[in-house]
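**Q** Below: one structure in structure tokens.
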Amino acid sequence: MARFDMYLLESLSSSWRFTRFGSKLGLMLGLLWWGAMGHSAIADDVSPGLGRALDPVELKRLQTHVFADGRGLPSGSGNSRQGAKIYVEHCAGCHGDNGEGARAMELSGDRSLLASAYPDRGIAVYWPYAPTLFEYIKRAMPPEKPGSLSDSEIYAVIARLLEFNGLIQKGQRVDAAFLSSLDMPNKDNFRSKYED
Ligand code: HEC
């Protein structure tokens, strides 16, 4: 069988070699075919095939820009009791039952400073301002469904996180005004790289 194939190939190629024109024509046809195939493959496949276009409603929901002083925080509110349920359902699997960390980093814990040998990543240490937590969670958490929590659910889950960190009393209502006025305990230990 293999010998037969070889024979067939040889006779085919010698018949193409018969005239110089034949070989040029073959080359041109080959190039045309390759170009057409290549071109259509690229056109069909120009995106890496990840994600999808957002519709205008989704886009509007994600357009939240929150600044350190609280500008941009939306209306809505929640407390840690409501937040506890949301936390168990959507966050505890990665961040631990009490924010102590599991598959993903801790969200509460000791208060060792960032400059220490084993810096702590709990919110009380790692976040100089509370309002930006809102935008982070809204945009990024939970990672497999970002943007899925309503604004009030996000306030509620933040209340739960602040409770884990000993920063609020149980039942405290958390909203835009509250987050803007909350003094984070480690805020004075952050320095801009532009300061001495
Ligand atoms: C599938 C695992 C997973 C789930 C579920 C999840 N997270 Fe996260 N979370 C992560 C990972 C991973 C990071 C670190 C991301 C990074 O640094 O880029 C993170 C980071 C964070 C941070 C920033 C921590 C820091 O100080 O840098 C916060 C706050 C947070 N998550 C809150 C939440 C909340 C609230 C929920 C539930 C609504 C949640 N996460 C659900 C995996 C998860």
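**Q** Out of the residues in the stretch 182-196 that are of a type in the set (S, T, N, Q) and loosely packed, with under 15 Cβ neighbours inside 10 Å, which is modelled with the lowest pLDDT?
**A** Filtering first and then ranking leaves 192.
**Q** Kindly indicate whether residue 156 is within 21 Å of residue 71 (Cα to Cα), touching a strand residue (DSSP E or B) at 6+ places or on another chain (Cβ under 8 Å) and assigned by TED's automatic domain parsing to the domain that holds residue 177.
**A** In short, yes.
**Q** Checking residue 194 against (1) outside the structural domain of residue 80 (by TED's automatic domain parsing); (2) on the phi > 0 side of the Ramachandran plot, which single condition isn't satisfied?
**A** (2)
**Q** Additional query: Looking at residue 129, is it more than 19 Å from the chain's Cα centre (by Cα) and closer than 16 Å to residue 65 by Cα?
**A** Here the answer is yes, as residue 129 does meet what is asked.
**Q** If you scan the stretch 72-81, which residues turn out to be more than 13 Å from the ligand (Cβ to nearest atom) and touching a Ser or Thr at 6+ places or on another chain (Cβ under 8 Å)?
**A** 72, 73, 74, 76, 77
**Q** Need at least 2 residues that are within 12 Å of the ligand (Cβ to nearest atom) per element, so show me which helices (runs of 4 or more DSSP H) inside the stretch 82-196 make the cut, counting only ones lying wholly within it.
**A** Counting at least 2 such residues, we get 92-95, 123-126, 131-140, 151-164.
**Q** Are there any pairs with C-beta distances below 8 angstrom linking a residue in the stretch 74-86 that is in contact (Cβ under 8 Å) with a residue 60 or more places away in the chain and under 19 Å from residue 61 (Cα atoms) to a residue that is crowded, with 20+ Cβ neighbours inside 10 Å and β-branched (Val, Ile, Thr), with the two at least 6 apart or on different chains, and if so which?
**A** Once the first residue is in contact (Cβ under 8 Å) with a residue 60 or more places away in the chain and under 19 Å from residue 61 (Cα atoms) and sits in the stretch 74-86, its partners that are crowded, with 20+ Cβ neighbours inside 10 Å and β-branched (Val, Ile, Thr) give 76/154; 77/174; 78/154; 78/157; 78/158; 78/174.
**Q** Continuing with the same structure: Can you spot a residue in the stretch 172-181 that is of a type outside the set (Asp, Glu), under 27 Å from the mean Cα position of the chain (by Cα) and surrounded by fewer than 19 Cβ atoms within 10 Å (Cβ to Cβ)?
**A** Taking every residue of the stretch 172-181 in turn, at least one turns out to be of a type outside the set (Asp, Glu), under 27 Å from the mean Cα position of the chain (by Cα) and surrounded by fewer than 19 Cβ atoms within 10 Å (Cβ to Cβ).
**Q** Are any residues in the stretch 112-130 within 21 Å of residue 180 (Cα to Cα) and in contact with a Ser or Thr (Cβ under 6 Å, 6 or more places away or on another chain), and if so, which ones?
**A** The one that is within 21 Å of residue 180 (Cα to Cα) and in contact with a Ser or Thr (Cβ under 6 Å, 6 or more places away or on another chain): 122.
The values are calculated or read from the model by the stated rules, or taken from the named source; none is laboratory data. These numbers were taken from a predicted model, which means no experiment stands behind them. Cβ atoms come from the backbone with ideal geometry, glycine included; neighbour counts cover every protein chain shown.
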